[in-house]
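To start, the structure under review is shown below, and the notes come after it.
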There are 6 protein chains.
Amino acid sequence: MRPSGRASDQIRDVTIERGVAPQAEGSCLVSFGRTRVLCTASVETSLPPWRRGQGLGWVTAEYGMLPRATGSRTRREATAGKQSGRTQEIQRLIGRSLRAVIDMQALGENQVILDCDVLEADGGTRTASITGAFVALSEAIFWMKERSLLKGDPIRDHVAAVSCGVYRGTPVLDLDYLEDSEADTDANFVLTGSGKFVEIQGTAEAEPFSAQELAELIGLAEKGIAELVDLQRAVLGAS
Amino acid sequence: MRPSGRASDQIRDVTIERGVAPQAEGSCLVSFGRTRVLCTASVETSLPPWRRGQGLGWVTAEYGMLPRATGSRTRREATAGKQSGRTQEIQRLIGRSLRAVIDMQALGENQVILDCDVLEADGGTRTASITGAFVALSEAIFWMKERSLLKGDPIRDHVAAVSCGVYRGTPVLDLDYLEDSEADTDANFVLTGSGKFVEIQGTAEAEPFSAQELAELIGLAEKGIAELVDLQRAVLGAS
Amino acid sequence: MRPSGRASDQIRDVTIERGVAPQAEGSCLVSFGRTRVLCTASVETSLPPWRRGQGLGWVTAEYGMLPRATGSRTRREATAGKQSGRTQEIQRLIGRSLRAVIDMQALGENQVILDCDVLEADGGTRTASITGAFVALSEAIFWMKERSLLKGDPIRDHVAAVSCGVYRGTPVLDLDYLEDSEADTDANFVLTGSGKFVEIQGTAEAEPFSAQELAELIGLAEKGIAELVDLQRAVLGAS
Amino acid sequence: MRPSGRASDQIRDVTIERGVAPQAEGSCLVSFGRTRVLCTASVETSLPPWRRGQGLGWVTAEYGMLPRATGSRTRREATAGKQSGRTQEIQRLIGRSLRAVIDMQALGENQVILDCDVLEADGGTRTASITGAFVALSEAIFWMKERSLLKGDPIRDHVAAVSCGVYRGTPVLDLDYLEDSEADTDANFVLTGSGKFVEIQGTAEAEPFSAQELAELIGLAEKGIAELVDLQRAVLGAS
Amino acid sequence: MRPSGRASDQIRDVTIERGVAPQAEGSCLVSFGRTRVLCTASVETSLPPWRRGQGLGWVTAEYGMLPRATGSRTRREATAGKQSGRTQEIQRLIGRSLRAVIDMQALGENQVILDCDVLEADGGTRTASITGAFVALSEAIFWMKERSLLKGDPIRDHVAAVSCGVYRGTPVLDLDYLEDSEADTDANFVLTGSGKFVEIQGTAEAEPFSAQELAELIGLAEKGIAELVDLQRAVLGAS
Amino acid sequence: MRPSGRASDQIRDVTIERGVAPQAEGSCLVSFGRTRVLCTASVETSLPPWRRGQGLGWVTAEYGMLPRATGSRTRREATAGKQSGRTQEIQRLIGRSLRAVIDMQALGENQVILDCDVLEADGGTRTASITGAFVALSEAIFWMKERSLLKGDPIRDHVAAVSCGVYRGTPVLDLDYLEDSEADTDANFVLTGSGKFVEIQGTAEAEPFSAQELAELIGLAEKGIAELVDLQRAVLGAS
């Protein structure tokens, strides 16, 4: 029995509210239960130096967490003077995930920077970030299309993410904080709209897991991400 | 004529929504027109080392801005590896302003940290932060009172802040970003509920200002802050 | 009664010795009583990148304090690895104050950097720095004039600064360290030679101050700065 | 056909030379083909502060690369002033992998720090590091056993790692640099001696991969790691 | 012929003015020609952690240079965020040199920190710093003696320093900046009052030097330092 | 009697193994007894900005130490976030020593970076680094010659280094760690193949040393370096 009463293959209530940052070229507020992440997309016409002059665009991401997104206050990284290893690991994952579905030639020599800032953290902030960042990125691409900044349609597929884990011996979908802090295994999956894998990261927190358990987690992730992609489609279709 | 059509002594629509960060001991979302700041208060039972063993509490503040709070993306301070001089100047101002109305003996050996994170910036983020932080701090003090963590009532008075400036030759109240970027003079005032001055910071951006103009700015600030304190009272009374 | 025996509207003995740093384009040693600051002006023909190509010059300042300028040793900022928030706040103030009286077009695409290094600190180091930096800047501008580096006369007015405060209930002019550490209110004023305000920064250290007290502090500052400007004129006229 | 002529399920020549750092409590030089990593284990009787007083030990890892381990010189991280995100990600992975097979109670309040320094890099440095670090850690644990520093046998199982990937459409085992830089998918697997999963990290570099491809990569990893564990056993048995 | 017209074995005019930093426990302004260094000594009753509880004192030094001590402005190290390698090398040298003549047992568990700040640089700043720092340290030790903070007389001998070099083929004593920037060889010598060597650092800037030249430089240094020690004695005797 | 049983003028067994880093343009592993340093030379066709456009090349060095090169683990500088003063001092010494024997005009506008990484430290790591770096640099220059990247023969002479010291009252050659930690005086000498001095650095660790002792140390260094240069010649002749 999960603390939230959810079925083992049930994701939390997920909502995506578009256009929440009126000064950004794309934005949304994504919620997975109590976890809330503000995702903004910024279009820049300058590329990082190493990327220039190849006729290709670039998509990158940064991740942050407000100090009181958590149950006890987390030290501000700007005060600490650097981003933690965890933050860097997450923002590299978000960037890779989005780049996997973008046609860089169609994007032209433009850069889109995704900022994912966690307003409230209750588990699954990185997977919520990826799922929301895709919507903010899509908005920014609409914005570029209207201004004829593109060389084609850069969106090759959807991308979304969810976590799964083995909680008290049972594989479950979309861990919240309570489950996550107790889970034997924690795995994050990033899949495309067509059901292919972009990223899989599984870690045995306590006990190493078997090939059988891994197969079950994969099945749960496929189901959950299909639902998230449907939601993305509904939200973006409404524009 | 002001770009917003406001009268010269008219503040923007100001709202304060309490309890927006459920994991924090106090919080509010304060809006001055389009400027929106999320203020949270964190109660800690440990003091900074230099403050220990004196029977006194401490109140401090940190300030941040989401990258897309602004019209073009602002670099994340955690990536830059340090807080800018401007950020440090603002957070020191917020801290000083709040400490001016708190009885540190009554607070006991506890610390309250105020985090002011700007979700959208349209001028006046530091004065909105002070005005909102007082509400978050008050909530945190209610929370401490319920848990008998206090040695008395630490709130000696209200504190709120507003900016004034000389815009196209006319002293005006509560500059928005459009006015601020063009103003000859920009001044920030922090006053108590009883109308006394905690802080005054006036800077001639273009032309030095006269003693007469200074007197007019002071008058506008007194009017505006009285209105803000009324709003704080209404919002806190509703608890 | 002030610890120094001065009248409430009396500034300390102020001296400005020119040409103390023979390798600099401008320099002076300014003393307000025991407070001594070495001010140097460096002329550079290169501008910061963001300022280039606009036909305008730039004036900026840096501030430092020798470790034993103070009663107990202060940690060297170069060892700490960064300038403190206080240092940055002060050097931004010095820079803004000087820029308020400089015609950037007349300066041409040149930069003048003012370095204010405190040899001994007894209160009022930032106001002494501004008052002295104006003299060093003036010397550097003479130096540039002789070499025909200017497009006109960039000095539009004098600028000087003084602190005032409420000490044991009485508004007094030019706080020394003993007074400053005990004052209820501490205010810094930067005014031009023609008596206009460039900057006003007042902070209630203990008790918030009234509008009446503020008016008295303003009056004291006007008197003190007029005297400082007379001294600047005498010192610069002697060149 | 692989550039090296290896079969798709064939790992490179792997050797592990023990005792190469005579001043360390444990050490080995592990080679996967041309990739060579020097692994040392340092026993410390002090724990990190957050770990003290619980009767538990700690195992952690640091990773580095000599500047000319690579085809063109890589900037030294000590000169850059920080470890890259990639370095932090790798050293966290090494630490987690080793902790998964260690009984922290049996280790007692001791810490073992594994340093993995890449002398030559030809792909698979993180998986070679894990495989070698286990041997260095085992040596250090023998060393502790001889000195009666343990509360039991802390080694619960072996742990080793290998990479797999989809190279020109074919799933292959143990990518070298040439294959890695061209592979569509790159996955790292960490498994125990009993064939359970400690970590799985798969990333689609170019094309997202299918569930079928993922299953084949898993099969290759299981085969390769079984061979690596056999080698670890042989090398450690010879002690 | 030297640019200054000095004989090859002639040092510049050297003066040492005591007591220039009234808030410090010891201080002097040392001048070697145009090179001027402000040396202060700070007595602290706390030791660095690694030095505590051994009944021994500690002497250390820090070195800095004002931005306009030089012909063109030098970037402030506090702004750069760190001390340069050159600064660290110099301050380690000053500290080592002073410690060589101090009896740490007699000093008791006290620390003396010497700050050497260059007001004007014309070659030989490190050797002037050592020569002056000894005087400031001696003053601080008088100050400690008066307060009975010592366990004996910690000054075992004098210490002073001078540079020598091969300038246009001729070994010369006490290089100024003009000579230094052209010299083939630059050597710094630190000797005690009794003529023993504490430190010798010789570097071939252009051409490697012969054993014969080295012997001549040693002779010059012995002569120059004897004169400096005489001056130190005269200055300190006048106390 | 020396702990190692060596005669006072006897260096340790020294070996230099070439070509140990196959991806570098030059490399060797140099051993002085147990001290082992991996030296690599990297050829870059880009110069540091301040060196460009003068028709001259540049040679520079970086130094590092693996954490377990030492008896107890040394903190990794990349983790500490900066190179220690000691590291910077050493790498500046290595760079200066090599530049003293290189004709920068003949090198053309190329840069060679020497990396000296200590695998095991038993005293004399800086002198071993210089001795080995010369061999790696020579290899890199052969490599450049084969590719016609040079404007002449840049090697003007050999360069090698050794330490000497006063151990229990006797001047001895090539201190190992045991001797070094106890020596009264520690001196490093860098000489050319023709017996001229490039650098001499002598420090009294405990007792200041006499002119007589200095002369004896110089004699030992001359003998030892002659042997090292012979070894360099033998090793390089074998190419």
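The values are calculated or read from the model by the stated rules, or taken from the named source; none is laboratory data. None of these values were measured; they are calculated from a predicted model. Cβ coordinates were reconstructed from backbone atoms using ideal geometry, including for glycine residues, and neighbour counts include every protein chain displayed. Heads up: the accessible areas ignore ligands, DNA and RNA and are worked out on the full protein's heavy atoms, side chains in. Shrake-Rupley method; radii C 1.70, N 1.55, O 1.52, S 1.80 Å.
Confirm whether F:Leu98 is touching a helix residue (DSSP H, G or I) at 6+ places or on another chain (Cβ under 8 Å) and at pLDDT 95 or above. Against the criterion (touching a helix residue (DSSP H, G or I) at 6+ places or on another chain (Cβ under 8 Å) and at pLDDT 95 or above), F:Leu98 qualifies.
Apart from one condition, D:Arg168 fits all of (1) surrounded by fewer than 18 Cβ atoms within 10 Å (Cβ to Cβ); (2) within 14 Å of chain A (Cβ to nearest Cβ); (3) among the basic types (Lys, Arg); the exception is (2).
No other residue among C:Glu139, C:Glu216, C:Glu146 is closer than 27 Å to C:Met1 by Cβ and modelled with pLDDT of 95 or more apart from C:Glu216. Taken over the range D:57-70, the residue count meeting the criterion of being assigned to a loop (DSSP other than H, G, I, E, B) and either among the hydrophobic types (A, V, I, L, M, F, W, C) or without any contact (Cβ under 8 Å) to a residue 12 or more places away in the chain (or both) is 1. I need the full set of residues from the range B:190-209 which are part of a loop (DSSP other than H, G, I, E, B) and either of a type in the set (A, V, I, L, M, F, W, C) or on the phi < 0 side of the Ramachandran plot (or both), in order please. Correct list: B:Gly193, B:Ser194, B:Lys196, B:Glu205, B:Ala206, B:Glu207, B:Pro208.
Just to be sure before I move on: is C:Ile94 touching a Cys at 6+ places or on another chain (Cβ under 9 Å) and within 12 Å of another protein chain (Cβ to nearest Cβ) in the structure I sent? So C:Ile94 does not fit the description; no.
Filtered by the rule that a residue be touching a Pro at 6+ places or on another chain (Cβ under 9 Å) and surrounded by fewer than 23 Cβ atoms within 10 Å (Cβ to Cβ), the range D:126-142 gives no residues. For the range A:92-105, a tally of residues being open to solvent by less than 40 Å² (accessible area, probe 1.4 Å) and closer than 18 Å to A:Leu38 by Cα returns 5.
One line per residue, one yes/no per condition, for (1) without any contact (Cβ under 8 Å) to a residue 40 or more places away in the chain; (2) among the aliphatic types (A, V, I, L, M):
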site	(1), (2)
A:Ala161	no, yes
A:Val166	no, yes
A:Glu179	no, no
A:Gln201	no, no
A:Leu220	no, yes
A:Asp230	yes, no
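Just one of the numbered conditions (1) within 14 Å of chain B (Cβ to nearest Cβ); (2) within 19 Å of A:Asp157 (Cα to Cα); (3) open to solvent by less than 30 Å² (accessible area, probe 1.4 Å) is not true of A:Asp117: (2).
When residues in the range A:121-170 are screened for being of a type in the set (S, T, N, Q) and within 14 Å of A:Val14 (Cβ to Cβ), 5 of them pass.
Among the residues of the range A:74-91, those identified as more than 7 Å from every other protein chain (Cβ to nearest Cβ), within 13 Å of B:Thr79 (Cβ to Cβ) and either surrounded by 19 or more Cβ atoms within 10 Å (Cβ to Cβ) or in contact with an Asp or Glu (Cβ under 9 Å, 6 or more places away or on another chain) (or both) are A:Ser84, A:Thr87, A:Gln91.
The residues listed here are F:Ala226, F:Ala204, F:Ala161, F:Ala140; of these, the one that is touching a Phe, Trp or Tyr at 6+ places or on another chain (Cβ under 7 Å) and more than 10 Å from chain E (Cβ to nearest Cβ) is F:Ala161. Confirm whether B:Val135 is in contact (Cβ under 8 Å) with a residue 60 or more places away in the chain, within 13 Å of another protein chain (Cβ to nearest Cβ), over 21 Å from B:Asp186 (Cα atoms) and under 17 Å from the mean Cα position of the chain (by Cα). Spelling it out, it is not the case that B:Val135 is in contact (Cβ under 8 Å) with a residue 60 or more places away in the chain, within 13 Å of another protein chain (Cβ to nearest Cβ), over 21 Å from B:Asp186 (Cα atoms) and under 17 Å from the mean Cα position of the chain (by Cα). With respect to the conditions (1) surrounded by fewer than 16 Cβ atoms within 10 Å (Cβ to Cβ); (2) within 14 Å of chain A (Cβ to nearest Cβ), D:Lys145 lacks only one, and its number is (2).
The rows are residues; the columns are (1) under 21 Å from D:Ile102 (Cα atoms); (2) open to solvent by less than 10 Å² (accessible area, probe 1.4 Å).
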site: D:Glu182; (1), (2): no, no
site: D:Thr192; (1), (2): yes, yes
site: D:Gln212; (1), (2): no, no
site: D:Ala221; (1), (2): no, yes
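Residues considered: F:Gly71, F:Gly123, F:Gly108. Of these, the only one that is of a type outside the set (A, V, I, L, M), away from chain E (no Cβ under 12 Å), on the phi > 0 side of the Ramachandran plot and surrounded by fewer than 20 Cβ atoms within 10 Å (Cβ to Cβ) is F:Gly108. Select from the range F:123-152 the residues that are touching a helix residue (DSSP H, G or I) at 6+ places or on another chain (Cβ under 6 Å), more than 17 Å from F:Cys39 (Cβ to Cβ) and not basic (Lys, Arg) and list them in ascending order. Answer for the range F:123-152, where residues must be touching a helix residue (DSSP H, G or I) at 6+ places or on another chain (Cβ under 6 Å), more than 17 Å from F:Cys39 (Cβ to Cβ) and not basic (Lys, Arg): F:Gly123, F:Leu150, F:Gly152.
The residue that is farthest from the other protein chains (Cβ to nearest Cβ), among those in the range B:57-68 that are open to solvent by 20 Å² or more (accessible area, probe 1.4 Å) and not β-branched (Val, Ile, Thr), is B:Trp58. Among residues belonging to the range F:194-210 that are open to solvent by 70 Å² or more (accessible area, probe 1.4 Å) and at pLDDT below 95, point out the one that is nearest to E:Phe209 (Cα to Cα). Only one residue tops the list, namely F:Glu205.
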